[in-house]
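S.K.: Below is the structure I would like to discuss, written out as structure tokens.
The values are calculated or read from the model by the stated rules, or taken from the named source; none is laboratory data. Remember, predicted model here, so these are calculated numbers, not experimental data. Here the Cβ is made from the backbone with ideal geometry for all residues, glycine too, and neighbour counts use every protein chain on show.
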């Protein structure tokens, strides 16, 4: 059984600070890793993906992958109230054809 | 931009009805997916299709079937709707070894 674990939160961060979201996965054969943002009542929106160990940066977002520790994280710099959402970690198998999702972490950015 | 169109945002049906949910794409992508999302259970894969007339069961296929007669359209069918199928249904698609992108979702209520 492939499992993806996230802290459900809520995680509360002051505006302008760094938000750190974490995810662990059980299957060492996992090849691809994704972060989705989901606003209340909306569908998930892809914000980052990473395939190789290390860091990947895109604007205020940085994804970090450590395959040895089976750990992937998302950092959001200069957090804004508009970043308040649930963040879903997803781990891919068969390329990205099959995803297993974590339960999501609810993030609140306080002005 | 990836465009995934789900036929209805909100749908109300009665128990025992046959229900069709439609998903249409204009990207010529091979892979299409149906998920349901429930509070506390997260996103769960129902079925996916990697080509016309090809389908594969996901984690929770019971009570559902799918149809993909043309590449751009993937339908989810509830053969005889039951109240435990009340949920948010999300269609996603991806190209070969590409991330998945979601439609807006259909909130289905079975009374």
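S.K.: For the stretch B:62-74, give me each residue that is touching a strand residue (DSSP E or B) at 6+ places or on another chain (Cβ under 6 Å) and either without any contact (Cβ under 8 Å) to a residue 40 or more places away in the chain or surrounded by fewer than 20 Cβ atoms within 10 Å (Cβ to Cβ) (or both).
M.R.: Result: B:64, B:65, B:66, B:67, B:68, B:72, B:73.
S.K.: Does residue B:79 fit the bill of being touching a residue at least 24 places away in the same chain (Cβ under 8 Å), more than 25 Å from residue A:40 (Cβ to Cβ), loosely packed, with under 15 Cβ neighbours inside 10 Å and touching a strand residue (DSSP E or B) at 6+ places or on another chain (Cβ under 9 Å)?
M.R.: Details: touching a residue at least 24 places away in the same chain (Cβ under 8 Å): yes; more than 25 Å from residue A:40 (Cβ to Cβ): yes; loosely packed, with under 15 Cβ neighbours inside 10 Å: yes; touching a strand residue (DSSP E or B) at 6+ places or on another chain (Cβ under 9 Å): yes.
Answer is yes for this residue.
S.K.: Hey, can you tell me all the residues within the stretch A:63-111 that are part of a loop (DSSP other than H, G, I, E, B) and within 14 Å of chain B (Cβ to nearest Cβ)?
M.R.: Of everything in the stretch A:63-111, those that are part of a loop (DSSP other than H, G, I, E, B) and within 14 Å of chain B (Cβ to nearest Cβ) turn out to be A:94, A:95, A:96, A:97, A:102, A:103, A:104.
S.K.: Among the listed residues A:12, A:79, identify the single one that is crowded, with 19+ Cβ neighbours inside 10 Å and either closer than 29 Å to residue B:54 by Cα or at pLDDT 95 or above (or both). First the steps, then the outcome.
M.R.: Details: A:12 fails: crowded, with 19+ Cβ neighbours inside 10 Å.
Answer to the selection: A:79.
S.K.: When the residues of the stretch A:24-48 are narrowed to those that are under 10 Å from the mean Cα position of the chain (by Cα) and under 10 Å from residue A:92 (Cα atoms), which ends up surrounded by the fewest Cβ atoms within 10 Å (Cβ to Cβ)?
M.R.: A:34
S.K.: Can you report the number of residues in the stretch A:1-56 which are closer than 30 Å to residue B:9 by Cβ and in a loop (DSSP other than H, G, I, E, B)?
M.R.: 9
S.K.: Continuing with the same structure: May I ask you to list pairs of residues, at least six apart or on different chains, whose Cβ atoms are under 7 Å apart, with the first in the stretch B:35-50 being on the phi > 0 side of the Ramachandran plot and the second being in a strand (DSSP E or B)?
M.R.: Hits for this filter: B:42/A:101.
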